[in-house]
Every structure is written in C-alpha cells, then in structure tokens.
1. Restricted to the stretch 36-48, and to residues that are assigned to a helix (DSSP H, G or I), in contact with an Asp or Glu (Cβ under 9 Å, 6 or more places away or on another chain) and not polar (S, T, N, Q), which residue is surrounded by the fewest Cβ atoms within 10 Å (Cβ to Cβ)?
2. Quick check on my filter: what residues within the stretch 67-91 are among the hydrophobic types (A, V, I, L, M, F, W, C) and closer than 19 Å to H41 by Cα?
3. Looking for something in contact (Cβ under 8 Å) with a residue 40 or more places away in the chain, crowded, with 17+ Cβ neighbours inside 10 Å and either in a loop (DSSP other than H, G, I, E, B) or out of contact with any strand residue (DSSP E or B) (no Cβ under 6 Å at 6 or more places or on another chain) (or both) - is there at least one such residue anywhere in the stretch 52-73?
4. Collect the residues in the stretch 60-78 that are over 12 Å from A50 (Cα atoms) and hydrophobic (A, V, I, L, M, F, W, C), keeping them in residue-number order.
Amino acid sequence: MTRMEEIKARVIAENPERKKTFDDETKRLKTAVLVVELREHHKLSQRELAQIVGVPKSTIARIENAQVNTSVQMLERIAEALDKELKMSIV
C-alpha cells in the first residue's frame, strides 16, 4: 500500500463521507494527467490545444489543473481535434 493509499484509508475510516471526495478528486486527477500527456505528446501548448478544440485556454487549464469534472463530450472534442478516438470501458 502506498503512503497515499494509507492516508486515504485512515481519513475514510475516520470520516466515511470523505470517500466520495477522494473518489471525485481521483477522477479529476486521472483526467488531468490524460489531457496533459496527450497535449504534450502532440507538442502543443494549452493555448494551441484550446484553439484546435475551439474553447478558451482557461478551459484546458482548468481540466489540466483538475479543477473541473470534465464531460465525456469535452473529452471527445479534445480527442477528435487531435485525430484520436475516445474509448471507455466499465470494469
């Protein structure tokens, strides 16, 4: 178990309602990492990606800073703008 997992387990044990907060934050962070890696792979700045997608730079910045819950539609727009396909799975 990683240190982060230990802390998460302790906090949730002390306050079970915090689990949703941790889960939501984890989803936002995973999305942020995905978008940053995709953008960097294409050697684009946030501004350049925003222009290609057709959104303000602040939208890309908020996604990459895990400040928003990114919609599937937005992820599809980002993927399509970079000639990629968004694939999802439920496991």
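Taken together, the values in this text are just the output of simple stated rules run on the coordinates, not laboratory data. Note that the structure is predicted; figures quoted are calculated from it, not measured. Because the Cβ atoms are built from the backbone with ideal geometry, glycine has one as well, and the counts that use them run over all protein chains shown.
1. Top of the filtered list is V36.
2. Matches in the stretch 67-91: M74, L75, I78, A79, A81, L82, L86.
3. Among the residues of the stretch 52-73, at least one is in contact (Cβ under 8 Å) with a residue 40 or more places away in the chain, crowded, with 17+ Cβ neighbours inside 10 Å and either in a loop (DSSP other than H, G, I, E, B) or out of contact with any strand residue (DSSP E or B) (no Cβ under 6 Å at 6 or more places or on another chain) (or both), which makes the answer yes.
4. A66, V68, V72, L75
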